[in-house]
Amino acid sequence: MSRNRIWIIYSCIPSDTQKAHLEHSIAHDVRVLIARLQAVHTRPPAGISLTGSEDVETGFDDNNDIRRLLFMVQEKEWCGYCHDVAIKSERKKNHQGCRKFAGSSSCQAKYNTVMKGQAICCFLRYLGVMIFFVAALGLSLLSLVGAISPSFSVQNDAYDAGLFNPLEDLNLLSYSEFTALSHPAFPNYSVRIKKTDFCDGAVAAHTGYIDIEARHLFFYFFESRNDPDTDDVIFWTNGGPGASSALGLFMELGPCRITDDSGPVFHKESWNSNANVFFIDQPIGVGFSYADYGEAVGTTEEAAKDIASFVAIFFEHFTKFKGRGFHMSGESYGGRYLPLFASAVYDQNAYLIGAGLTPVNLSSVMIGAYFEFSVMIKTGPNAPLGNGLTEFASMTLSYYEMACTAASVPPVLDISTCVRMKQVLPRCQKWMKESCIDQFDNINCGAAVNFCTNELDGPFSSTNKNPYDISVDCDGPIEETLCYPVTKNIAAYLDRPNVRTQLGVDPHFDGQNFSSISWEVNSAFAKSLDEYRQTQLYIAALLERKVRVLVYVGSYDYICNWVGNNAWTLALDWSGKETFVNEELREWSVGGKKAGLTRSSKGLTFATVEGAGHMVPYDKPQEALELVNRWLKGQAL
């Protein structure tokens, strides 16, 4: 009688710690795979036997310091499959060494011993391909006997089989090593997390990685100073694309700030005053996030899948946060990220419910200094910035108003330059509308954007003014400091060996300096034309599903200014548009003093923060915290 067997020989891990971690991870994968096969076969078909731990064999080559994973399913004439992935290897060279070993005589001898010469050894690169093969084999066998189980029964059976036990309590985590978290509903994802007393010793703090096969996203998590057992959860990402969320943590809204080279100091206006807060370096290649073999993410759509899966895994493991309000926030290019991230989390809830899991309570999206391609284009000299579909177009056109009128500060450009900019506006409006809105064309739209950006933004760039705060000059070369020298202090702090050890930064970064922004990631997103894709449709869809949206912007922000942000919120096409447009801008205040202007209706709120630049929490920490606290409570500004 043929038998359907699962064989495993561990794979390509250089360090003892990682070997132990891999053994635990693979043992989990084996249990899940067996459960899946058993789930689709209440009784195994004739001639098929499902076997578990007795068919798991460990093989190790001391000379090469390599472990390799051999995953095989054998039935009658099926060939074996030899899987040569360097799982979680620290260097690409280890992967190459693994591949060399996979074809060596010692590998073949070991393989032939296991299989007694009955199969062909094939080499596959990714574990996900293997999992897919086994799942497909199970389903194909099932189809032979004429019965197909519901798609979610596998996950429920995995629970029944005891394959998933939530960690639940963050206090059980170790300071010295990571705890690996995974979930049968997300077989290609896992999370490494540890405790740390870094930044704010008064609250529980954690760092770790979201592992997506060979890609790894770094995160920081701080519990609330108020009541971590009842307060909501905030997700934060910086923009760029390519900017590390360490900037948001250490410069803007985190529990500590770095102001010079002496290290972090307590920050009383931190957003974790009344919420549990995540900071995530994303996408891959940003901050301390990395890929084993150079994989990259070049679109927001790709990044959204990873974020949504991480969110689900976190809430499933730490059950005390289940049902809490979950708010996704960020700034700048975060205006492109967040609507898609939130939509992915919302849509994923249907899968979670079907799998018998608790849906994520997505409550709101908070977007600071929104910059995105789809916004309204001014249709006439006296019309409001609007009619449009491209926020980037609107923002580009709004540069004239910011630099040549008193929309924020007195005009910063000379009269002749402003006259030239005014004259080119109609041409840019027409060209961008035809090439980027009416019928999107990569070449023509790119040409229009390049011309109009040069004509309308170029003059400001030559002034040495800070594009993130039009009221001051840029402090230092923008490509080195982003006009804020403190970014160098942040990088120097994160380059300290003891800090990296405390955070659990992967050895992948040994010998590498921390960078506040990845220009490689920035370039990858530019090549994919990610910024030109419409995002306002996602915002409208979220509003229709009762997910609140807050758009806030500093009055001194030039690059993502309040004029353009006001325009796209007024132009947004959704069921609450009429009532929102009819609302007048009114003052909102903090401590009896004017904090800015706001307009709000039916879940959408637009707010300016007086005297703040691009990074509102950095310039106006008290006003920013009050804004967030009122928002979390559902109070009007």
(request) Taking the Cβ of each residue in Y552, Y209, Y175, Y189 as the centre, tally the other Cβ atoms inside 10 Å and list the residues starting with the fewest. (result) Y175, Y189, Y209, Y552
(message) Students often get this wrong, so check it: of K320/K633; K422/K577; K594/K620; K268/K305; K430/K527, which have C-alpha atoms separated by over 22 Å?
(response) K422/K577; K268/K305; K430/K527
(request) Treat the count of other C-beta atoms within 10 Å as a stand-in for reagent exposure and order V191, V277 from fewest to most. (result) V191, V277
(message) If you filter segment 255-336 for GluC sites (Glu not before Pro), then keep DSSP loop positions with at most 14 other Cβ within 10 Å, what is left?
(response) E295
(request) Hand me the trypsin sites (Lys or Arg not before Pro) from segment 531-572 located in a DSSP loop with no more than 13 other Cβ atoms within 10 Å, in residue order please. (result) R545, K546
(message) For a quick check: sort W588, W271, W431, W519 by the number of other beta carbons within 10 angstrom, fewest at the front.
(response) W519, W431, W588, W271
(message) Once each part is reduced to its C-alpha centroid, what is the distance from segment 188-249 to segment 523-590 in angstrom?
(response) 26
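The numbers here are math on the coordinates, done by the rules we state, and not lab data. What you see is a predicted model, and the numbers here were worked out from it, not measured in a lab. Cβ atoms come from the backbone with ideal geometry, glycine included; neighbour counts cover every protein chain shown.
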